[in-house]
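Chemist: This is the structure I want to talk about, given as structure tokens.
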Amino acid sequence: MLVPYVRRNLSAFDPFRELDEIERAFFGSNDTKMTPFSTDIKDTGSEFVLEADLPGVKKEDIKLDLSDNILTITAERHSEFEEKDKKGRYVRCERSYGSYQRSFDTTGIDVDKIDAEFKDGVLKLTMPKLVEQKPEPKRLEIR
């Protein structure tokens, strides 16, 4: 049978990890568990550019929600095979499916001008900074 060989390092033995693996094997994995995805945020001076890796996610399965200066990115990756096929034919199945979510503070961002693009599994958000309005100097008259 074709199964990847895993060499165990006894000095790195973690009984809690072993118990977690036993629980997962007995009860199954929880596909609805929210897990994070990787992001990079770059400050270009006038804007922030956020790039999030979402491989295998379709554009229609990504949601961007803004509420109380918090931007929440939610993505869902669907399984492409039925559970019976997974149990019957796969020797090993390691690709993850489920929901992914991250939240970001948008204080100082012009949220009305955020631009979102999704290409080749990467979500790119261009978020312009708010332009600070300096009050114009004026002279007050004395009465």
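Chemist: Condition (residue is within 15 Å of the chain's Cα centre (by Cα), among the basic types (Lys, Arg), surrounded by 10 or more Cβ atoms within 10 Å (Cβ to Cβ) and modelled with pLDDT under 90) applied to region 73-93: is it met by at least one residue?
Modeler: yes
Chemist: Which of the residues belonging to region 33-67 are part of a loop (DSSP other than H, G, I, E, B), exposed (fewer than 12 other Cβ atoms within 10 Å of the Cβ) and of a type in the set (Val, Ile, Thr)? Can you show your working first?
Modeler: Filtering region 33-67 down to residues part of a loop (DSSP other than H, G, I, E, B) leaves 33-34, 36-38, 44-46, 54-58.
Add one more test, that the residue is exposed (fewer than 12 other Cβ atoms within 10 Å of the Cβ), and what stays is 33-34, 36, 38, 44-46, 55.
Residue satisfying the conditions is THR44 alone.
Chemist: Just checking, which of ARG17, ARG8 is modelled with pLDDT under 90, of a type in the set (D, E, K, R), more than 30 Å from GLU117 (Cα to Cα) and not in a helix (DSSP H, G or I)?
Modeler: ARG8
Chemist: Right, another one. Just need a number here: residues in region 95-116 that are touching a residue at least 40 places away in the same chain (Cβ under 8 Å) and part of a strand (DSSP E or B).
Modeler: 8
Chemist: Here's something else I'd like to know. Could you grab the pairs with beta carbons closer than 9 Å, sequence gap of 6+ or different chains, first residue in region 117-143 and of a type in the set (Gly, Ala, Ser), second one surrounded by 10 or more Cβ atoms within 10 Å (Cβ to Cβ)?
Modeler: Final answer for the pair search is GLY121/ASP53; GLY121/LEU54; GLY121/PRO55; GLY121/GLY56; GLY121/VAL57.
Chemist: Something else about it: For region 113-127, enumerate the residues that are under 25 Å from ASN69 (Cβ atoms) and not basic (Lys, Arg).
Modeler: ILE114, ASP115, ALA116, GLU117, PHE118, VAL122, LEU123, LEU125, THR126, MET127 - these are the residues of region 113-127 that are under 25 Å from ASN69 (Cβ atoms) and not basic (Lys, Arg).
Chemist: PHE118 - would you say it is at pLDDT 95 or above, surrounded by 12 or more Cβ atoms within 10 Å (Cβ to Cβ) and aromatic (Phe, Trp, Tyr)?
Modeler: So PHE118 fits the description; yes.
The values are calculated or read from the model by the stated rules, or taken from the named source; none is laboratory data. All values reported here derive from a predicted model rather than from experimental measurement. Please note: Cβ atoms are built from the backbone with ideal geometry, for glycine as well, and neighbour counts cover all protein chains shown.
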